[in-house]
Amino acid sequence: MISRRMFIQGACGYVLGVMSVGGYSCLLEPRWLEIRKVFINIHALPKQFEGMTIAQLSDIHHCKYVPREFIKKCVRKVNTLSPDMIALTGDFVYGSKEFISSVAEELAELKAKEGVFAVLGNHDCKDGTVDILSKKGIRVLINEHIPLYRKKDYLFIAGVDDLWAGKLDLETTLKGTDDKPKVLLCHNPDAIEKIKHTNVDFVMAGHTHGGQVCLPLYGPPVVYSKFGARYASGLFHEEKTTMYVNKGIGVSNFPIRFFARPEITLFTLQNSAQII
Ligand SMILES: [Fe+2]
């Protein structure tokens, strides 16, 4: 039989446990940055691009729960990685357009010799956002591509409109490209269903936040994807396309993260034909 004392001790333990998990997921993990370094194999990568590095920041969701100071810290961290190029894969704000100016001011401090490129996410309003980011030197790609030259060789950097909030058009995006490697920025990883039928080599995506809450031995119970948790985070190979899904640095819906730490990814491109 459970005594009154045992009951009180159990109840206190339960409350302390809930408070610890709550404190960790609300206060600690959302600011506990993870830096992931990933090698990406690209067939026929021109020699000049061997070892090129790209830093990816995604799903910043600047709002009262993702303060400017944290974004500043993330920008500083990206700059310490000295990437050749920076990719921003959408969802710059959450809930209100009023935050776009301040997030753009922080992103203006990003430094990469090959440039800073961006696509919009489902939380971004095209009106205003494109102008504000462009004025800070960020090249926003909406169903378009540019060639990136090193000496006389090149590859393509492309970006698509958002799958949910925009009109994702791969045909327009890739029109005029040739057989040189293609690196694509795409907010929503569900688009891999279409992208895998093209000759895009590498896709950087975000959107899922890694589920934001991951249960031990189960994974994320909620992922905003028609594929459930399949593309929640990490590296995927579909047909000839490699896709990486970044967990983002911000939060949406609930200001918590649990076993889904905010992430900055640093990719290094390498020629798969030269890997023994
Ligand atoms: Fe997001």
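For this structure, a couple of remarks:
- When the range 78-98 is filtered for residues that are away from the ligand (no atom under 12 Å from the Cβ), at pLDDT below 95 and not charged (D, E, K, R), only 96 remains.
- Answer from 217, 235 - the residue that is of a type outside the set (Asp, Glu) and part of a strand (DSSP E or B): 235
- Test for residue 191: is it part of a helix (DSSP H, G or I), within 18 Å of the chain's Cα centre (by Cα) and of a type in the set (A, V, I, L, M): yes
- Taking the criterion of being in a helix (DSSP H, G or I) and either in contact (Cβ under 8 Å) with a residue 60 or more places away in the chain or hydrophobic (A, V, I, L, M, F, W, C) (or both), the residues of the range 66-81 that qualify are 70, 71, 74, 75, 77, 78.
- Sub-8 Å Cβ pairs linking a first residue in the range 119-135 that is small (Gly, Ala, Ser) to a second residue that is surrounded by fewer than 23 Cβ atoms within 10 Å (Cβ to Cβ), at least 6 apart or interchain, are 121/165; 128/97; 128/100; 134/140, ordered by first then second residue.
- Within the range 238-276, the residues that satisfy the criterion of being within 26 Å of residue 155 (Cβ to Cβ), assigned to a loop (DSSP other than H, G, I, E, B) and more than 13 Å from the ligand (Cβ to nearest atom) are 239, 240, 275, 276.
- Matching residues, the range 141-182, being basic (Lys, Arg) and touching a Phe, Trp or Tyr at 6+ places or on another chain (Cβ under 9 Å): 150, 180, 182
The values are calculated or read from the model by the stated rules, or taken from the named source; none is laboratory data. Computed from a predicted structure; not experimentally measured. Here the Cβ is made from the backbone with ideal geometry for all residues, glycine too, and neighbour counts use every protein chain on show.
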